[in-house]
Structures are given as C-alpha cells and as structure tokens.
1. Mind listing whichever residues of region 228-277 are surrounded by 15 or more Cβ atoms within 10 Å (Cβ to Cβ) and outside any helix (DSSP H, G or I)?
2. Give all pairs with beta carbons closer than 8 Å in which a residue from region 212-231 that is among the basic types (Lys, Arg) meets a residue that is surrounded by 15 or more Cβ atoms within 10 Å (Cβ to Cβ); count only pairs at least 6 apart in sequence or on separate chains.
3. Given the conditions (1) of a type in the set (Gly, Ala, Ser); (2) closer than 25 Å to GLU245 by Cα; (3) in contact with a Phe, Trp or Tyr (Cβ under 9 Å, 6 or more places away or on another chain), which single one is not true for GLY127?
4. Looking at LEU126, LEU201, LEU113, LEU184, can you tell me which residue is touching a Gly at 6+ places or on another chain (Cβ under 6 Å) and either assigned to a helix (DSSP H, G or I) or at pLDDT 90 or above (or both)?
5. Output the number of the condition that VAL278 fails; it satisfies all remaining conditions of (1) in contact with a helix residue (DSSP H, G or I) (Cβ under 6 Å, 6 or more places away or on another chain); (2) without any contact (Cβ under 8 Å) to a residue 12 or more places away in the chain.
6. Identify, from the list ARG225, ARG208, the residue that is open to solvent by 20 Å² or more (accessible area, probe 1.4 Å), basic (Lys, Arg) and farther than 20 Å from VAL149 by Cα.
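The values are calculated or read from the model by the stated rules, or taken from the named source; none is laboratory data. The shown structure was predicted, so the numbers you read here are calculated from the model rather than taken from an experiment. Don't worry about glycine lacking a Cβ; one is built from the backbone with ideal geometry, like all the others, and counts go over all protein chains shown. Keep in mind that these areas ignore ligands, DNA and RNA; they rest on the heavy atoms of the full protein, side chains included. Shrake-Rupley method; radii C 1.70, N 1.55, O 1.52, S 1.80 Å.
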Amino acid sequence: MAALDPVDDPAYRLFQQRFGALRRARQTETLLTFTAVTLLFVVAAVWTNFLPETIADGLPRIGEYFGKLFSIEPGRSTRAIPVLSLAHLFGGVKQPQSIAYWFYRIDVYLALLWQTIQMAILATALGFAAAFALSFPATRSLVGHGAIVFVTRRCLELMRTVPQVVLAFILVWPFGIGPLAGILAIAVHTAGTLGKLFCELNENADERPLDGIRAAGGSWLAQMRLGVVPQVMPGFLSYALLRFEINVRSSTIIGFVGAGGIGQELKRVIGFNIYEEVSAIVILILLIVVAIDLLSEQIRRRFIGAMA
C-alpha cells in the first residue's frame, strides 16, 4: 500500500489551517501593538516638545559650559564664569584661574559631603530594615491570607509613589530644615522600592526547605528565617548596595528643599551665580559617586559572592 502524501492527509491540512490562522492573528496583534506604541510616542513627543529640531539646536550648547572652564569670554568678568587655565593652575586662592580659587572652601564642601554620605547610610539602613520586614508578608507565595498581602503591598506602593523631593519638602515642616527630614524622606522611598524588589526575590525562592521546616513543626517565622532568608539574602544585599549609590545622589538633590547635605550649599551658590563654586561642588559630587560605585563593586564581589 502506497504511503499517504502529507498534503492529502486531512489532519495535516487542518493543522496547517489552524497554524496559519494563529500566525496571522499574531502578526496582526504585533502590527497593532507597534502602531499603538508609535502613535503614543509621537503624541508624547509633540506634547513635550521632544522634537528633532529642538534636540539638534540644544546639543551643541552642552559643550559651551565646559568650554568656559578654560577660557575667559571677552568683556566678561572673571567672576562671572568658572575659569581653569593651565598657565595659572597652581596659583593662590586669589588667582581666578587656579584650582585653589575654585576649592578655597574645600573644608566646608568636604564636611557637607560627609553629612550627605551619612544621610545616605542612615536612610539606606532604615529603608532596608523596613523593606526586609515588609517583604515577607507582601509575598503571596509565603502568606496564606490574601488581605495581609494586599494591605502590605499597598503600603509599599504608597511609600515609593511620593517623590523624595516632595516628601522631604513635607517633612521639613514638622522636623525643620536639616538632614533629619532628608533621612526620613529617603528612608521611606527606599523602603517602598526595596520592598518591591525583595518581594520578587521571595517569590522565586525554592519552597522545598519551607515544606521541610513546616513538616518538622516550625513556625512561620522559622520558615522565613531558616528557609527563605538564606536563599534571598545575597540578592537583598546586592539591591541594598545599589540603592545606597542612588541614595547618595538623592541626598544631594533633596538638599534643594532644605533637607541638609551638600545639596543645600549647591542651591545657595547657584542662587548667587557663583559659578566656580558650582563647578567645584559638582566635581566633588562626581568624584564621591565614582568612589562609592567602585567601593560597592568590591563589596559586592567579596561579600555577596562568598554568600551566593
């Protein structure tokens, strides 16, 4: 008996029809999605003036400020623009073209930078502790009661929804101008953000250790402490280090609303148009962020790598 040609097989033809219909449906869905995203992008670009001609006009001006670092514009006072000339690089504090002229208040800047780092450390520690405690009742696979998960997740969402600057501005009213308001604002936002990330790590944890602890009569806290925490702690610490780097920059930004740190001084010199001090502070912030990033990388490799 001759073998049946697959083209003449009814089951094969039915498969081809269904597969072709499914492929056409997916192609149509992809085309509609791409069209909708493109349309939304165009509408958003028009409303926000994110246009090619606007970008083309603004890009060349980015380097204008840095060009002023090494030259004095004709007819302009040396006080009006930051100047750093190689010919006078190591002059005294009265030489406008020297490094000493830029950083003559280096002691004040370093003290404020240290305050900014302390703010970030305290805020990260407080936020980490709150996120650690709330992440377990906010994980659906670890809690049987849906209401607990719902309430805890809404609390975490509320914490990370309010921008840090707005929260710091609100907290300045009851706690006064200074670093306390900034620490609390960053800590609340950190707790909400890390809590969300910690929940995702908890959901991916292996549940077999929990089953063993539960079978041995262990409580829910024992299941979390012995079954989940050892699995997720390397990820928790990795996210915490990343958040610490972000909080250092955030501590600078919220200083603009009176929440302490180097940002408060940066706002002052910007307000008085003291451009050389603005440049000096920005350079110091850049250096400290790079240093913290390198240090965090070493900590992550040695400490977290050993735990994983």
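1. The answer is GLY258, ALA259, GLY260, GLY261, ILE274.
2. Pairs that qualify, where the first residue is among the basic types (Lys, Arg) and the partner is surrounded by 15 or more Cβ atoms within 10 Å (Cβ to Cβ), are ARG214/GLN223.
3. (3)
4. That would be LEU201, the only listed residue that is touching a Gly at 6+ places or on another chain (Cβ under 6 Å) and either assigned to a helix (DSSP H, G or I) or at pLDDT 90 or above (or both).
5. (2)
6. ARG208
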